[in-house]
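Peer 1: A single structure is presented below for examination.
The values are calculated or read from the model by the stated rules, or taken from the named source; none is laboratory data. Keep in mind that this is a model prediction, so the values were computed, not measured. FYI the Cβ positions are ideal-geometry reconstructions off the backbone, even for glycines, and counts take in every protein chain you see.
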Amino acid sequence: MKNKEWVYFSTTATNFICLIFGAGSGILTARLLGPEGRGELAIISYFPTLMGTIVPLAVPQALTFFISRDRDHQAEFASAGFQLSVILGILGSVIFALVSPRTLAENNRHLAWAVTVACLFSPAMVVNPHLYAIYRGMEQFNWVNGMFILAAGGYPLLLLALYWGNKVSPLGFAVASLSLQIGIAMLNAWRLGITAISYPIKWIAYRTCIIQGARFFMPMLSTLMYVMSDRAILIRTTTLIDIGFYAIAFALTYPLSLAANAFVEIGFVEVARANDEKISLDISLRRFQMAQVVVGFSALILLPFINPIIRIAFGTEFIPAIGVTYIMVAVMSLRGLGRSLENSLRARNHIWPGTISSIVALVCLFGLGTWWVPEGGLKSFTLALLISEMVDLLILIFFVHWHLSVPFKSLWGLRTNIVIPLSQTLLKALKLRNG
């Protein structure tokens, strides 16, 4: 991989830029909609997001896997992946538009029509992950980062346009976000080019992508079910106002899980391309150690600002979200580290550890969440989520220790011989880029 240091640095920097834009978008939506309206937006947006995570069937990761390893057939895999994404996107949006409204609880049934409309606007939620996966496999990380920044920066501008046009509503905000994703998908397809999209494809390319996607899908499905289950439980057990508070806490802390995204996405490419087992394991461990430094540093930066941001930027209506947000800092930090380690294991074809850890964590969350929420409310639910994340990460760590014979101390990354080289590497990447 060329300019590896710059790729990691620019991807991490992109996540921080998206964090800033995301905070701006979160403040705008909270101010314009209020707690109940923010809760309605969270429900409407949940189903397109769920569709974008489940419907791709792990084909995007299979695309990255094959394109990064087989340069002679990049164009064929890219074309097959794009065509599959369009088919899956259209089918998924229709199915979700029909099914999603039926899953709503009695107190939010009035959102059924809005959920249907949002789902019909959602094919790009499936198409874009495929296209991003293709570009990652081709090592075009700067383009992917640019698209993420464009999407994150474009959304607050669309919100302001709706405000000035007097079109403020939860559905309007959801459709604006989904329309932006459609525009991003068109740009991604345009860069891929007509030739690449219409490249002659043998049936075996589709078959290979689908089969490998199916191999990846089982652990990914359990992981996605676990990651998306929080809002599903809240939709069925709490009020719109509580969901609004959770949406604020989630929006402020979600970038902490993205802080490890460079080690998840780029690390997957590195590990998948390594033909030697020892080298791939060394890369996996190193990336997990580095992820701890980045996530820990990001959490320390965020913690002092939670209280003033919610009180001043979001308003006094959202003060009950402060305590929940502090808990979510730990939740999202653990989630980012878990995804980093699980992705590296999957790139080495260790599929079952992530499957088992996510299923056990999901059982913990459903058991604790449904037991605590009726009595303890939203704060009890986030504590249940924290325990579940701990369980998820510990199972992965014990697998690496026992099955791969890795000492526990080799998994620990918050030490000087990791922090200092990482800092030096980032400085080196900046000097090389500027020079």
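Peer 1: Test Phe96 against the stated conditions and say whether it is closer than 21 Å to Ser229 by Cβ and in contact with a Cys (Cβ under 8 Å, 6 or more places away or on another chain).
Peer 2: So Phe96 passes the test.
Peer 1: Residue check: is Ile17 surrounded by fewer than 21 Cβ atoms within 10 Å (Cβ to Cβ) and modelled with pLDDT of 80 or more?
Peer 2: yes
Peer 1: Let me ask you something else. Go through (1) in a helix (DSSP H, G or I); (2) farther than 21 Å from Val295 by Cβ; (3) in contact (Cβ under 8 Å) with a residue 40 or more places away in the chain and name the single condition His350 misses.
Peer 2: (1)
Peer 1: In the range 95-122, which residues are surrounded by fewer than 18 Cβ atoms within 10 Å (Cβ to Cβ) and part of a loop (DSSP other than H, G, I, E, B)?
Peer 2: Correct list: Leu104, Ala105.
Peer 1: Within the range 246-269, how many residues are modelled with pLDDT of 80 or more and among the charged types (D, E, K, R)?
Peer 2: 0
Peer 1: Being within 20 Å of Ser405 (Cβ to Cβ) and modelled with pLDDT of 80 or more narrows it down to one of Phe297, Phe314, Phe288, so name that one.
Peer 2: Numbers: Phe297 fails: within 20 Å of Ser405 (Cβ to Cβ); Phe314 fails: within 20 Å of Ser405 (Cβ to Cβ).
Exactly one residue qualifies, and that residue is Phe288.
Peer 1: On to the next question. Filter the range 293-318 down to the residues that are in contact with a Leu (Cβ under 7 Å, 6 or more places away or on another chain) and small (Gly, Ala, Ser), then identify the one that is nearest to Ala249 (Cα to Cα).
Peer 2: It comes out as Ala299.
Peer 1: Is it true that Ala174 is within 30 Å of Glu76 (Cβ to Cβ), assigned to a helix (DSSP H, G or I) and modelled with pLDDT of 90 or more?
Peer 2: no
Peer 1: Kindly evaluate Leu396 against the criterion of being at pLDDT 90 or above, part of a helix (DSSP H, G or I), under 27 Å from the mean Cα position of the chain (by Cα) and not polar (S, T, N, Q). Lay out the reasoning, then the answer.
Peer 2: Values: at pLDDT 90 or above: yes; part of a helix (DSSP H, G or I): yes; under 27 Å from the mean Cα position of the chain (by Cα): yes; not polar (S, T, N, Q): yes.
Considered against the rule, which asks whether it is at pLDDT 90 or above, part of a helix (DSSP H, G or I), under 27 Å from the mean Cα position of the chain (by Cα) and not polar (S, T, N, Q), Leu396 comes out as yes.
Peer 1: (1) modelled with pLDDT of 70 or more; (2) in a helix (DSSP H, G or I): which one isn't true of Pro219, the others all being true?
Peer 2: (1)
Peer 1: Can you confirm whether the range 46-54 contains a residue that is part of a helix (DSSP H, G or I), farther than 14 Å from Pro170 by Cβ and among the aromatic types (Phe, Trp, Tyr)?
Peer 2: No, every residue in the range 46-54 fails to be part of a helix (DSSP H, G or I), farther than 14 Å from Pro170 by Cβ and among the aromatic types (Phe, Trp, Tyr).
Peer 1: Sticking with this structure for a sec: Kindly indicate whether Val329 is under 30 Å from Ala62 (Cβ atoms) and of a type in the set (Val, Ile, Thr).
Peer 2: no
Peer 1: While we're on this one: Looking at (1) modelled with pLDDT under 70; (2) within 30 Å of Leu362 (Cα to Cα), find the lone condition where Pro200 falls short.
Peer 2: Looking at each condition in turn, Pro200 falls short on (2).
Peer 1: Okay, next question. Could you identify the single residue in Ser25, Ser93 that is modelled with pLDDT of 85 or more and touching a Leu at 6+ places or on another chain (Cβ under 6 Å)? Working first, answer last.
Peer 2: Values: Ser25 fails: touching a Leu at 6+ places or on another chain (Cβ under 6 Å).
Criteria check complete, one pass: Ser93.
Peer 1: Please enumerate the residues belonging to the range 136-191 that are within 21 Å of the chain's Cα centre (by Cα) and at positive phi.
Peer 2: Within the range 136-191, just Glu139 meets the criteria.
Peer 1: Sticking with this one: On the basis of being part of a helix (DSSP H, G or I) and surrounded by 23 or more Cβ atoms within 10 Å (Cβ to Cβ), does Ala30 make the cut?
Peer 2: Criteria met by Ala30.
Peer 1: Does the range 86-113 hold any residues that are in contact (Cβ under 8 Å) with a residue 60 or more places away in the chain and over 15 Å from Tyr46 (Cα atoms), and which are they?
Peer 2: Asn107
Peer 1: Residues that are part of a helix (DSSP H, G or I), over 14 Å from Phe245 (Cα atoms), of a type in the set (Val, Ile, Thr) and in contact (Cβ under 8 Å) with a residue 60 or more places away in the chain: does the range 316-328 have at least one?
Peer 2: no
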